[in-house]
Amino acid sequence: MVVLQIQQSNGFVSSVSRARTNRGRRRASNTVCVQTQKIMEKISVGGEAGGAGGAYSYNALKRLDNIWSNICTQPTGPQETQQIVSRVSGFSQDYGMGNNLVGTFDIVVCGGTLGIFLATALCAKGLRVAVVERNAIKGRDQEWNISRKEMKELIEVGVLTEDEIEEVISAKFNPNRCGFENLGDIWVEDILNLGVSPAKLVETVKRRFVSLGGVILEDCSLSSIVIYDDLAVMQLSKGDTLSSRLVIDAMGNFSPILKQIKRGRKPDGMCLVVGSCAHGFKENSSSDVIYSSSSVTKVADSNVQLFWEAFPAGSGPLDRTTYMFTYTEPQSTSPSLEDLLEEYWKLMPKYQGVSLDELEILRVVYGIFPTYRNSSYDSIYGS
C-alpha cells in the first residue's frame, strides 16, 4: 500500500503598527504598517475559501504573517513532528477498523480544493474514490489565470465538457507581456490569457465527481494513516474511518504528511506574494505574465527583487488584478507580508500608470509558498 504525496503550489494565501515577535525575539523592522489595515478594513469580506488565495481579511493576513514569523525564527535541521503516518505488519482485518467505517476505496485524496480535479479524473476511469477536506470544498472569489490549452486537458481526462469550460471563463485577453526594466519587452499570445472563476469551476467539478459516484467528506481533517500489508486505514477528526489501496496527499506544501517526510525541516526559501483586485483601470486589455521594474528594493530590513503580474479581471471592464512577489530566505530580517503590502501600495500605481486614489480596492490577496533545495520525496510508505 502506498501514500503518494503530490506537491502543489498551495501555500497559505489566504500588522497595525507592530513588531513581529517570536519566542521572545523582537523583529528588527521598524516599518509602520497603517495603510494596509485602513484599506483592508474598508473591504467587505464574504465567504472565504481554503487553499492559496482563499482568505482576504485583515485578521487572516495577521494570522498568516504570524505563521511566516514562526518559520523565519525556526531552527534549522530536523524538528520533532506529529507522526501522521505509521506502518504495521500484517493485514487490516487482523486489527479491526471500528464501527465508523465509511467505506473501502480504491483511492482516497486528502485535500479537496485542487484534489477534486484529480479525484474526478480517477473516478471517470471507473475507480471508487473519496475526497477528504478539512474545510468546505469551494473555490475562491479571486480568479485563476490559465491558458485554453491547459483547460482542454481537463476535457481529455473527463473532468469538464467544452460547454462547462466556457461557463467558468470570466475574462479573455491578449497580448501578454514579459519584461525586465531597461531590457525591453517580449509580447506573447495565449499564455495565461484566460481568467477562470474558481468558485464556478470547483463547484462544477464537485458536481461531476458526485455524479460519477465519488464520496466527499468535508469539514474534517486527517488524524492518522496506518499502512497495513493490504490497505491504508485513515482516521478522521470527526471519528470516521476510511480504508483504501492508495492515498494521495493533495494538501499542499503545508501538509502534515509532507511535514513528517521532511521531519519538520525549515524551508530553504519562500516566495511571498501580495496584491489586489481593484476597479478603475481604464487601460485594461493586456496582461503581464511577469515584469520586473527594478533590480533591488529595500523593504523593511531586507533587500529584495520585486516581480509583478497583472491581469484583467472578469468582474468588470475596469477591474484588474495585480500581484507583486519576491523570493527570500526565511530569517529574522525578512519582510512580513504587511511590509510588502505597504510597499505595494507605493509602487503599484506607478507600475500601472494610475493613482491609488482613483481606484476602488475590491479585494487584497496574499500568500506564502515554501521552496526547498532538495524537493524529491522517497516513497517511504510504499510496499
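Here the label points at Ile361 and Arg373, each 7 Å from Cα along the C-beta direction, are separated by 3.7 nm in the simple model. Counting only DSSP H runs of at least 4 residues, each contributing -39500 (n - 2.57), and dividing by the residue count of the chain, the helix-based mean residue ellipticity at 222 nm comes to -6500 deg cm²/dmol.
Remark: the stretch 115-173 carries a charge dipole of roughly 300 debye about the Cα centre, counting +1 on each Lys and Arg Cβ and -1 on each Asp and Glu Cβ.
Across the stretch 350-358, rounded Karplus estimates of 3J(HN,Hα) from the backbone phi angles (6.51 cos²θ - 1.76 cosθ + 1.60, θ = phi - 60°) give 5, 4, 9, x, 9, 9, 4, 5, 8 Hz, Gly and Pro being marked x. Couplings 3J(HN,Hα) for the stretch 207-215, derived from phi with the Karplus relation 6.51 cos²θ - 1.76 cosθ + 1.60 (θ = phi - 60°), are 4, 4, 4, 5, 5, 8, x, x, 10 Hz, where x marks Gly and Pro.
Shape of the stretch 234-341 from the C-alpha gyration tensor: oblate (a/c of 1.5 or more and a/b not above b/c, with a ≥ b ≥ c the square roots of its eigenvalues). Which residue, Cys110, Ile225, Leu212, has the largest displacement toward the positive end of the dipole of the chain when charges sit on each Cβ (Lys, Arg +1; Asp, Glu -1)? Final value for the positive-end residue is Ile225. Taking amide H atoms as placed 1.01 Å from N in the peptide plane, the amide H of Ile146 lies under 5 Å from those of Asn193, Leu194, Val196, each 5 or more residues away in sequence or on another chain. Simple spin-label estimate for Asp268 and Asp230 gives 4.3 nm between the two label positions (7 Å along the Cα-to-Cβ direction from each Cα). Counting only DSSP beta bridges whose two residues both lie in the chain, roughly 65 percent are antiparallel.
Amide H contacts of Ala313: Asp319, Arg320, Thr321, each under 5 Å away and 5 or more positions distant or on a separate chain (H built 1.01 Å from N in the peptide plane; Pro and chain starts excluded). Shape of the chain from the C-alpha gyration tensor: oblate (a/c of 1.5 or more and a/b not above b/c, with a ≥ b ≥ c the square roots of its eigenvalues).
For the residue pairs Lys125/Lys149; Lys152/Lys259; Lys152/Lys238; Lys149/Lys259; Lys42/Lys350, the C-alpha atoms sit more than 31 angstrom apart in Lys152/Lys259; Lys152/Lys238; Lys149/Lys259.
Rounded, prolate or oblate for the stretch 72-175? Axes are the square roots of the Cα gyration tensor eigenvalues, ordered a ≥ b ≥ c, and the cut-off for rounded is a/c under 1.5. Because a/c hits 1.5 or more and a/b fails to exceed b/c, the stretch 72-175 counts as oblate.
A short reminder: the numbers here are calculations on the coordinates, not readings from a lab. Bear in mind the structure is a predicted one, so any value in this text is a computation, not a measurement. For neighbour counting, all protein chains shown are included, and Cβ atoms are generated from backbone atoms with ideal geometry for every residue, glycine included.
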